[in-house]
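As structure tokens, the structure follows; a few thoughts come after it.
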Amino acid sequence: MSSGALPVIVVGGGITGLSAAWELQQRGLPYVLLEAGDRLGGKVQTEHTDDGFLVEHAADAFILGKPYAAQLAREVGLEPDIIHPRDDTKRLYFLKGGRLLDFPQNMKMFVPLDDQSFLDSGVLSPEGARRFLDEVNVPPKAPGDEDESLAAFITRRFGEEALNFIVPLAAGIYVANPFELSMKAAFPQFLALEQKYGSVIRGSRATVRAPGPVFASFRGGMDALAQAIAARLTGEVRLNTQVQQVQADGVVLKGGQHLRGSGVIVTTPSWSAAPMFSQNFGRAAALIGELKANGSVAVVLAYRADQFPGDMHLHGLQVDASEGIHLKAVTVHSAKLHGRAPEGHVLLRVFFKDLDPGFALEEARREVERLFGAHGEPLWHICADWRGRNPAYQVGHLDHLERIRAALPAHIQVAGASYTGVGLPDCVNAGRSAAQVLTEQLSVA
Ligand SMILES: Cc1cc2nc3c(=O)[nH]c(=O)nc-3n(C[C@H](O)[C@H](O)[C@H](O)COP(=O)(O)OP(=O)(O)OC[C@H]3O[C@@H](n4cnc5c(N)ncnc54)[C@H](O)[C@@H]3O)c2cc1C
């Protein structure tokens, strides 16, 4: 297929689609970006309330260990707006047995960098903690192609009790069932440490990075990234434009209009991508349709600081998986990042898995009262309903992805959170990589 003057069609204006369009622009390829909704950014949604709060409906920060999002932010002139979670409020609790324990110091994600503070923290029983630390003596699995679940990996290496501690930390971003979540797709870095160092703990301790921020966000909220990319796109961007079918030579829009393109990059989540392939790429549609989703609800609550008896200068809390409550985590947004709440106020994000939003709101208020002693009504609340909208990477996900790619011609790509990582850096990388692959395809065709 010749690239001619036809544009590459990018379907979806979330971070993946915007990154794909940006990369095509850098490479000098014409493109048109089609977004079904009336705004760009997709799941990245920042709301500025009239009373001076900054509310994130989904992502509130991104990891710096994968450099792609920070790199793109620099390219679109956002470097001066990059901020980091506050060090002075870095306290985190772990809720276990109804008690708020201090989260162990000196951790790299869930891996203790020193034994003593982990043993002292009480987040595991003394036997559970000793078994956890004995991971250094568990022989690595023979290298092979077999995928395994997060739960299988954790119990194999750290013991059964470790599951309740690690799952809220590791599976949190994937809102995942740990017995189904693919290690290869979600946490290849831990598999690599096991293979290279014979132990995740030993490997983590050998690869400690220089001190510095681990996460970043933007002064004006996460939406700033989407807006900054959008402001620098010189190609065509169409809002309120829903793609219905993908064809070998372009797409068909809702309403029947046919738009021709030299290639297509579909960046929408799997559940909206699958129907787009149904008429012309049946096998890809079926395979994409098999990808599963989990759900979550984030309840945002605003209070005056004087509604709390204690100091709310902390980042939040994680809940032990065996606690038997709906609550999964709380982020104290007003203390985690600067500029999220007016002086003298507290802004909380309270996370649940699939739960009716009305019930989640009741639960959130009850738990905030029980755990932090809040009294009186919140000033207002917002329920961000993400039920059925968190991609779930089942064991075998990467092989499944290979089958999806093989079922599509090279000038039609799928990319985004449903396939190669849900975090923003992964989405940026996915969008840009799809654009690179397509550019190479079109130049050799
Ligand atoms: C509650 C929650 C918290 C999160 N927290 C974090 C975090 O702290 N850090 C982090 O890095 N990540 C976080 N994430 C993940 C991250 O926000 C998402 O994975 C990422 O934003 C997905 O981007 P995307 O572009 O792949 O997809 P989306 O954002 O879903 O964008 C897809 C776009 O496609 C459009 N579309 C759909 N169908 C069509 C169609 N037929 N035609 C045209 N357009 C269509 C949609 O309207 C949408 O704009 C969180 C996610 C959630 C839900």
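Throughout, read-outs are computed from the coordinates displayed, never taken from laboratory work. Worth saying up front: this structure is predicted, and the values here are computed from it rather than measured. Every residue, glycine among them, receives a Cβ derived from its backbone with ideal geometry; neighbour counts consider all protein chains shown.
Listed values, structure above:
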item	result
Trp380 long-range amide H proximity, modeled H, under 5 Å	Ala302
Segment 107-205 - Rg and Dmax from Cα coordinates, angstrom	12.6, 38
Rounded to 5, the percent of DSSP beta bridges in the chain classed as antiparallel	70 percent
Ranked by how many other beta carbons lie within 10 Å on average, peptides 410-416, 275-281 from highest	410-416, 275-281
For Leu181, distant residues with modelled amide H under 5 Å away	Leu150, Ala151
Other-chain or far-sequence residues with amide H under 5 Å of Asp354's (modelled H)	Gly295
Zone residues, segment 51-71, relative to Ala210, backbone N less than 19 Å from point 7 Å out along Cα-to-Cβ	64-68, 70-71
Cβ-defined net charge surrounding Asp134, 14 Å radius [Lys, Arg +1; Asp, Glu -1]	0
Once the Cα gyration tensor of segment 164-302 is diagonalised, semi-axes √(5λ) in Å	37, 23, 17
For segment 26-45 versus segment 313-359, the gap between their alpha-carbon centres in whole angstrom	31 Å
Alpha-carbon gyration tensor eigenvalues x 5, square-rooted, for the chain, Å	38, 27, 20
Segment 338-445: GluC sites (Glu not before Pro) in DSSP coil with no more than 16 other Cβ atoms inside 10 Å	Glu343
